[in-house]
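Okay, structure first, notes after.
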Amino acid sequence: MGDHIHNHFQNVTIGGNYVGGNQIHRGTDSFIHSAQQENSTDKSTIFLSYCRNNKEEADRLEQELTVLGMLVKRDIRDIGPWKSIRAFMDTIREQDIAVLLVSDAYLKSRNCMYEVLEIMKEISYRERIFPAVLEPSIYQPAGKAAYISYWEEEYRKLDERVRSIRNEENKAELAQDLRHIRRIGESMGEFLATVADMNNPDLADTVERIESFLKERRLA
């Protein structure tokens, strides 16, 4: 963003998400944590949704937001040992807006797509998501079809494995996973069409656009 950015966000808070995988990453720059402690008063919140494969991009985005005086809340600090990852992801609907780092790994992650499904429950979810698209194929019909087919195939494979289990109690435990994957497949077309229809800025310009949005909405 450069030195031309000024701090207009002294009391803005950003809520984060669990990365789209099964690992929680540690080691975010210490200056970010200390800056957040100094700006602990909540005013508006932003949910950062990303996959662990894109941790580098997420860290850079977080750092730029912190430089603007924002308090970035992420899984690496806010999911305690043995605490529920899903409960943390559920907080996406409690935030004012959500920044989505949409990559190939993101679109194939159950956890990331769980967050997408949660925010899509909101009637005006289009007005609350700010995608930073890292996977340009989603702008083409063939690219959209590939991700829809991916989740249809994931459902087919798991359904086949579940049917082979003899114990009905064990089958019941996996029923929720099946429903979740089916919902992803059913919603993928709408989500990709929505994101592809938006005038999404490059990742390098995302923070500046967020800044402008919050100022216009007087959330800062």
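Among the listed pairs Lys144/Lys215; Lys83/Lys215; Lys108/Lys157; Lys55/Lys108; Lys121/Lys157, those whose Cα-Cα separation exceeds 24 Å are Lys144/Lys215; Lys83/Lys215; Lys121/Lys157.
Can you give me the relative contact order of the range 68-220 as a percent, contacts being Cα pairs under 8 Å and 6 or more apart?
23 percent
Label sites at Ser84 and Ser149, each approximated as a point 7 angstrom past Cα along Cα to Cβ, lie 3.8 nm apart.
Annotation: aspartates and glutamates with alpha-carbon distance below 20 angstrom to Lys171 (same-chain offsets under eight excluded): Glu152, Glu153, Glu154, Asp159, Glu160.
Summarising the amide proton neighbourhood of Ala132: residues at separation of 5 or more, or on other chains, whose placed amide H is nearer than 5 Å comprise Leu100, Leu101, Val102.
Using the beta-carbon distance between Tyr125 and Arg166 and R0 = 35 Å, what value does 1/(1 + (r/R0)^6) give for FRET efficiency, to the nearest 0.05?
0.30
Accessible area per residue for the range 93-219, computed on protein heavy atoms with a 1.4 Å probe, is 55 Å².
The values are calculated or read from the model by the stated rules, or taken from the named source; none is laboratory data. As the structure is a computational prediction, the values presented were derived from the model and not from experiment. As a convention, Cβ positions derive from the backbone with ideal geometry for all residues, glycine included, and neighbour counts pool all protein chains shown. Side chains included, ligands, DNA and RNA excluded: accessible areas come from the protein's heavy atoms. Shrake-Rupley method; radii C 1.70, N 1.55, O 1.52, S 1.80 Å.
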